[in-house]
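The structure appears below as structure tokens.
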Amino acid sequence: MAQNKPTTDEHYIPQCYLKQFSSDGERIYQYDVLSGKQTPVPVPTKSVCYQKHLYEFRDSSGAFAYRNLIEKSFGIYEGEFAKTFRSVISKSRIEANYHTLCFLSPKEKTLLVFFLSTMIVRNPDILQTAQETALEFFGDQITEISARNLALQTCLPIYKALDTEERNLLNPVMWFFEDMSFQIGVADSEVFFTSDSPVILFGTNQPVKLDEVIMPISPNIVLFMKPYDNTRRGFYNRLTELRPEDIKYVNKAVVTHCKRWIYSQTPLTDKQIKWITKERASY
């Protein structure tokens, strides 16, 4: 019996997220903020935001070991993430939900926090930093291959049962979101875009403290998170209509925090491109 070919293109922004910004569920437009060029036709979500063999362990000879172990684990979770996105989008269309005090279910909140956390630690820059830290700490006692394996184990222990006592990077990242409120904002039209760095964090490094989290979920829905002590009482888990200034605030956060690529459901207009250029230049 023929075996399935291993996955080589491993996404750091999952397709289940990018597809929320697609009109046909498969393709999106992309704009390069460095060159100022936009694709004339939408591109498949599978063709963006990936690196070859990003999550692969290797043995001492450099050959792949436990092939696609992390990638397959992501595949299991991403099915749940996709269901959560669809649920939030569907519920946001129901008028009565603007009056509920608990818009997101406990399971939806848990999955959104897990999604945000994995988005941070699966980032290629974070994995590279973890690898360099291991090399610096262990010096001659560790090879580059072993340092990379250790970085993957530390950042992405999702291929095994998660132990809250285990020393890894994923657990403390999730803890940062523990005491934060949720708000789902809805625009009256499809005005949001996303990027190659869609989880936007505002806060301080010394000490590490989160003041706000922003992540567009679809072209007209965005997730906000804030510490409970910075959230108006009664707005801890609400669905709200967004004002024009809120929409501008979200899109400004997206374009100023992206690394290179902005993704959208429809082509960006000349007016939007000029605005993006201006905002990035003044940031």
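Restricting attention to segment 256-268, which residues are among the polar types (S, T, N, Q) and touching a helix residue (DSSP H, G or I) at 6+ places or on another chain (Cβ under 9 Å)? Talk me through it step by step, then tell me what you get.
First, pick out the residues of segment 256-268 that are among the polar types (S, T, N, Q): 256, 264-266.
Hits for segment 256-268 are 256, 264, 265.
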- Going through segment 202-219 one residue at a time, which ones are touching a strand residue (DSSP E or B) at 6+ places or on another chain (Cβ under 6 Å) and under 26 Å from residue 86 (Cα atoms)? 212, 213, 214, 215, 216, 217
- Query: In segment 243-251, is there at least one residue being more than 21 Å from residue 273 (Cβ to Cβ) and basic (Lys, Arg)?
  - Reply: yes
- Message: Regarding segment 22-36, can at least one residue be identified that is of a type in the set (A, V, I, L, M), loosely packed, with under 12 Cβ neighbours inside 10 Å, modelled with pLDDT of 95 or more and within 30 Å of residue 151 (Cβ to Cβ)?
- Response: yes
- Task: Please tell me if residue 55 is crowded, with 18+ Cβ neighbours inside 10 Å, at negative phi and either modelled with pLDDT under 95 or outside any helix (DSSP H, G or I) (or both).
- Result: yes
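So, of the residues in segment 56-89 that are out of contact with any Phe, Trp or Tyr (no Cβ under 9 Å at 6 or more places or on another chain) and among the polar types (S, T, N, Q), which turns out to be nearest to residue 18 (Cα to Cα)?
Of the residues in segment 56-89, the ones out of contact with any Phe, Trp or Tyr (no Cβ under 9 Å at 6 or more places or on another chain) are 59-63, 75-76, 79, 83, 86-87, 89.
Narrowing the set further to residues that are among the polar types (S, T, N, Q) leaves 60-61, 87.
Details: 60: 36, 61: 36, 87: 16 Å.
Among those residues, the one meeting the criterion is 87.
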- Query: Out of the residues in segment 166-194 that are under 26 Å from residue 131 (Cβ atoms) and out of contact with any Pro (no Cβ under 9 Å at 6 or more places or on another chain), which is surrounded by the fewest Cβ atoms within 10 Å (Cβ to Cβ)?
  - Reply: 167
- (1) at pLDDT 95 or above; (2) surrounded by fewer than 21 Cβ atoms within 10 Å (Cβ to Cβ): which one isn't true of residue 224, the others all being true? (2)
- Would you please list the contacts, defined by Cβ atoms under 6 Å and residues six or more apart or on different chains, that run from a residue in segment 52-77 that is in contact (Cβ under 8 Å) with a residue 60 or more places away in the chain to a residue that is of a type in the set (A, V, I, L, M, F, W, C) and in a loop (DSSP other than H, G, I, E, B)? 70/156
- Residues of segment 58-81 satisfying the condition of being in contact with a helix residue (DSSP H, G or I) (Cβ under 7 Å, 6 or more places away or on another chain) and either in a strand (DSSP E or B) or among the charged types (D, E, K, R) (or both): 58, 78, 80
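Look at segment 82-137 and say how many of its residues are of a type in the set (Lys, Arg), part of a helix (DSSP H, G or I) and loosely packed, with under 13 Cβ neighbours inside 10 Å.
Here is the first cut: in segment 82-137, the ones of a type in the set (Lys, Arg) are 83, 86, 91, 93, 107, 109, 122.
With part of a helix (DSSP H, G or I) added as a condition, the list becomes 83, 86, 91, 107, 109.
Filter once more, keeping what is loosely packed, with under 13 Cβ neighbours inside 10 Å: 107.
Residues meeting the conditions: 1.
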- Query: Among the residues of segment 142-165, how many are at pLDDT 90 or above, surrounded by 16 or more Cβ atoms within 10 Å (Cβ to Cβ) and not hydrophobic (A, V, I, L, M, F, W, C)?
  - Reply: 5
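The values are calculated or read from the model by the stated rules, or taken from the named source; none is laboratory data. Everything numeric here is computed off the predicted structure, so don't read it as measured data. Every residue, glycine as well, gets a Cβ built from its backbone with ideal geometry; the counts of neighbours run over all protein chains shown.
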